[in-house]
1. Taking the simple approach of a point 7 Å from Cα along Cα-to-Cβ for both Val207 and Arg151, what is their distance in nm?
2. Evaluate the charge dipole of the chain about its Cα centre and quote only its size in Debye, nearest 20, assuming +1 on the Cβ of each Lys and Arg and -1 on the Cβ of each Asp and Glu.
3. Under unit Cβ charges (Lys, Arg +1; Asp, Glu -1), what dipole magnitude, rounded to 20 debye, does segment 103-181 have relative to its Cα centre?
4. Which angle from 0 to 90°, rounded to the nearest 10, does the C-alpha axis of helix 216-232 make with the longest principal axis of the chain?
5. Take the Cβ-Cβ distance between Arg13 and Ser115 as r, set R0 to 35 Å, and report the resulting FRET efficiency rounded to the nearest 0.05.
6. What do you get for the angle between helix 275-288 and the principal long axis of the chain? Use alpha-carbon atoms, 0 to 90 degrees, nearest ten.
7. Which whole-number percentage describes the relative contact order of segment 157-267, with Cα contacts under 8 Å and a sequence gap of 6 or more?
8. Using a Förster distance of 41 Å, how high is the FRET efficiency between Asp269 and Glu85, based on the Cβ-Cβ distance and rounded to 0.05?
Amino acid sequence: MTDTLRIGTRRSRLAIAQAEEVAGLLAATGVQTEIVPMTTSGDEGAPITDAPQGLKGLWIDTILDALEAGTIHLAVHSAKDLPAEDDDGFTIAAVPLRADPFDVLVLREPTSLGSISRIGTSSVRRAAQLRAHDPRLHIVDLRGNVDTRLRKVEEGEVDAAVLAAAGLARLGIEPAYIQRLDLDVMIPAPGQGCLAVQCLEDEPEIVAALAAIDHAPSHRALDAERSLMWRLGGGCALPLGAYAMTGDDGVSLVASVSLADGSRTLRSDGLGADAETVAGIVAADLIERGAEQILAQVQGA
């Protein structure tokens, strides 16, 4: 193994913070690293048709190319940006301890969810679950990086914005007014809060080095959520929520599938001995109750 491992990552402030988190974990095991910021097709605004793996593939394509070419040794991704299946030859060798997986509402002033006039989000999943929770909520399309969205809240373009708690924490941002959205309101995106550290399968020394920073319960939870996503054919453009936890009795999983307008939502939960088992249980229940029709309707909209 080379003396210094090169870490590929996107160039955003959050992506760099995530790569630095992994670099710090590796440094604690005696492994030196160098962060290599990269630009993906998604960063350049490429259309979804340019990505064989769909929308999610746009955010990792050039990084995977660099891994395959050997110009980087590992990649750090926000796990919710990954497609449901790994490309041949690649493996998620480590998932560090998961950060807070939940979504939060960042408010311009202290108030309750039901009193907010305009809530900003560009996520179909977040908008659908908010509408399902309270059809009176007015959802505004809100795009941009974390700083941009927070500025739009401050300037009054919206009264609140939905953001990932993990992203705020990794950026060291502590908004003055913030409300956690618990599972009864919003189930997070599959993989939210997790970092996926990816490398080539046929690099045993790198795989072994990354295994030292793997947090097995977080990895199993991610496996369950990605397996469910694969079984339902879902992605980040679809209103699919999934959150798994591991315990002494196995892996539990709660999931939701919603129409974009929130008029129909299916929720299911299950417990299995391992990630694949519980994903199969929850997927089967959702499919039996019409999840595939909901997802097909959203995709065709």
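Every number here is computed from the coordinates shown, using simple stated rules; none is lab data. Just so it is clear, the model here is predicted, and its values are computed rather than measured. Every residue, glycine as well, gets a Cβ built from its backbone with ideal geometry; the counts of neighbours run over all protein chains shown.
1. Computed distance between label sites Val207 and Arg151 equals 4.5 nm.
2. Values: 25 positive and 44 negative charges, 254 e Å.
Dipole magnitude for the chain comes out near 1220 debye.
3. Values: 12 positive and 10 negative charges, 58 e Å.
My answer is approximately 280 debye.
4. Between helix and principal axis, roughly 60 degrees.
5. Working: r = 32 Å, r/R0 = 0.90.
In this case the efficiency is close to 0.65.
6. With both axes taken from Cα atoms, the answer is about 30 degrees.
7. Details: 104 pairs, mean separation 25.2, N = 111.
Averaging sequence separation for qualifying contacts and normalising by length gives 23 percent for segment 157-267.
8. 0.95
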